[in-house]
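Q: Take a look at the following structure, please.
The values are calculated or read from the model by the stated rules, or taken from the named source; none is laboratory data. Computed from a prediction, not measured in an experiment: that's the story for all the values here. Counting neighbours? That spans all protein chains shown, and the Cβs are built from the backbone with ideal geometry, glycine included.
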Amino acid sequence: MQFWPRKRAKRSYARVRSWPAAKDATLLGYAGYKVGMTHLMVKDNGPRSRTKGETIAVPATIIECPPIRPLAVRFYTDTPYGRTLAAEVALKAEKELSRKISLPKKQGKTLEGMEGGLEGIDDITLVVHTQPKLTGIGKKRPDVFEIGIGGATAGDKLAYAKSVAAKEIMVGDLFRPGEQLDIHAVTKGKGTAGPVKRFGIGLKAHKSEKGQRRPGSLGPWKAQGHVMYRVAMAGKMGYSQRTEYNKWLLGIETDPAKLNVAGGHINYGIVKNPCIIVKGSVAGPKKRIIRFTKPMRPNRQIPSQPPEILTISISSKQGN
């Protein structure tokens, strides 16, 4: 029941509904495209690790992060019925966005005009879009989503939004190695699967009258015709939104040549933009957009300083 209801995501990139509180005026999230996994040789700096100071191998995921561009600024007001949109200021849009949304023909409100009307404004967020055209994944349609802005007051958030309204935002401007990230992603879609694979139920005895890969009972005799939702049955598996907390950001590589495998990464190709290296695995297949945010509940046991990276494996993973 941990992931109930089992519903499939509406789109390929995750929806983030809450943002951590931050005093500094900065963006609280970013997005990139999953390249794949590799391994690093690092010097262990865990304070309680048995291999402290030794060279160890660490599995890691590479996420390519082309610069993102602001699209609009949204102003929210808290009401007894929840947070509602009070105003929205559209910024200059690129032509590629016509593949995703309908571009406005006239300029409405401006950020300068909103400076004197911040009374009753409780939160300000930034709508941004990615630039997949800068990557080699063969995608041109941008992804549009909303990112929270940190700051003590609405005026601080608006000032930050004005400072980045007309420029590209790089991942290195928001995050640093050693930080923790909350990964929001949509998992791989596995199609229709049976109850054994989908829910992990055990196989029936080999002398069972019916199939071995099915539940033993659908319910009681006296309530025939009704099957409880808890009964494991076949259905669509995967392609669900999942959040993984406190992933360790091992490094940010601004030179993509240091991460490119001979012949390109399998099912991805050549990396052309700055990348982040995250410890462990990340949900979703290659080329899927991955959203990551500042930690909502950081783990104090994870060191704030990244380990010393000795080597990054760029050997071909073909056949592994």
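Q: Hey, among Pro20, Pro80, which residue is surrounded by fewer than 18 Cβ atoms within 10 Å (Cβ to Cβ) and within 20 Å of the chain's Cα centre (by Cα)?
A: Working: Pro80 fails: within 20 Å of the chain's Cα centre (by Cα).
The match here is Pro20.
Q: Going by the conditions given, is Pro59 under 25 Å from the mean Cα position of the chain (by Cα), surrounded by fewer than 18 Cβ atoms within 10 Å (Cβ to Cβ) and in the same structural domain as Ile270 (by TED's automatic domain parsing)?
A: Yes: the conditions hold for Pro59.
Q: Another question, then. Which one of these does Ile124 not meet: (1) touching a residue at least 60 places away in the same chain (Cβ under 8 Å); (2) of a type in the set (A, V, I, L, M); (3) closer than 16 Å to Ala21 by Cα?
A: (1)
Q: Still on this structure, I have one more. Does Lys43 fit the bill of being basic (Lys, Arg), within 20 Å of Ile290 (Cβ to Cβ) and outside the structural domain of Ile124 (by TED's automatic domain parsing)? Can you show your working first?
A: Details: basic (Lys, Arg): yes; within 20 Å of Ile290 (Cβ to Cβ): no; outside the structural domain of Ile124 (by TED's automatic domain parsing): yes.
Against the criterion (basic (Lys, Arg), within 20 Å of Ile290 (Cβ to Cβ) and outside the structural domain of Ile124 (by TED's automatic domain parsing)), Lys43 does not qualify.
Q: Looking at (1) touching a strand residue (DSSP E or B) at 6+ places or on another chain (Cβ under 7 Å); (2) touching a residue at least 60 places away in the same chain (Cβ under 8 Å), can you tell me which one Ala57 breaks?
A: With (1) touching a strand residue (DSSP E or B) at 6+ places or on another chain (Cβ under 7 Å); (2) touching a residue at least 60 places away in the same chain (Cβ under 8 Å) applied to Ala57, the lone miss is (2).
Q: Within segment 127-150, take every residue that is among the basic types (Lys, Arg), under 16 Å from Asn273 (Cα atoms) and in contact (Cβ under 8 Å) with a residue 40 or more places away in the chain and give me the one that is surrounded by the fewest Cβ atoms within 10 Å (Cβ to Cβ).
A: So, considering only residues that are among the basic types (Lys, Arg), under 16 Å from Asn273 (Cα atoms) and in contact (Cβ under 8 Å) with a residue 40 or more places away in the chain, the one surrounded by the fewest Cβ atoms within 10 Å (Cβ to Cβ) is Lys140.
Q: Also, quick follow-up: Does Thr110 satisfy being of a type in the set (S, T, N, Q) and surrounded by fewer than 17 Cβ atoms within 10 Å (Cβ to Cβ)? Explain how you work it out, then say what you get.
A: Values: of a type in the set (S, T, N, Q): yes; surrounded by fewer than 17 Cβ atoms within 10 Å (Cβ to Cβ): yes.
For Thr110, the condition - of a type in the set (S, T, N, Q) and surrounded by fewer than 17 Cβ atoms within 10 Å (Cβ to Cβ) - is met.
Q: How many residues, within segment 178-203, are touching a strand residue (DSSP E or B) at 6+ places or on another chain (Cβ under 8 Å) and among the small types (Gly, Ala, Ser)?
A: At the first step, the residues of segment 178-203 found to be touching a strand residue (DSSP E or B) at 6+ places or on another chain (Cβ under 8 Å) are 178-193, 197-198.
Of the ones still in play, those that are also among the small types (Gly, Ala, Ser) are 178, 185, 189, 191, 193.
The total comes to 5.
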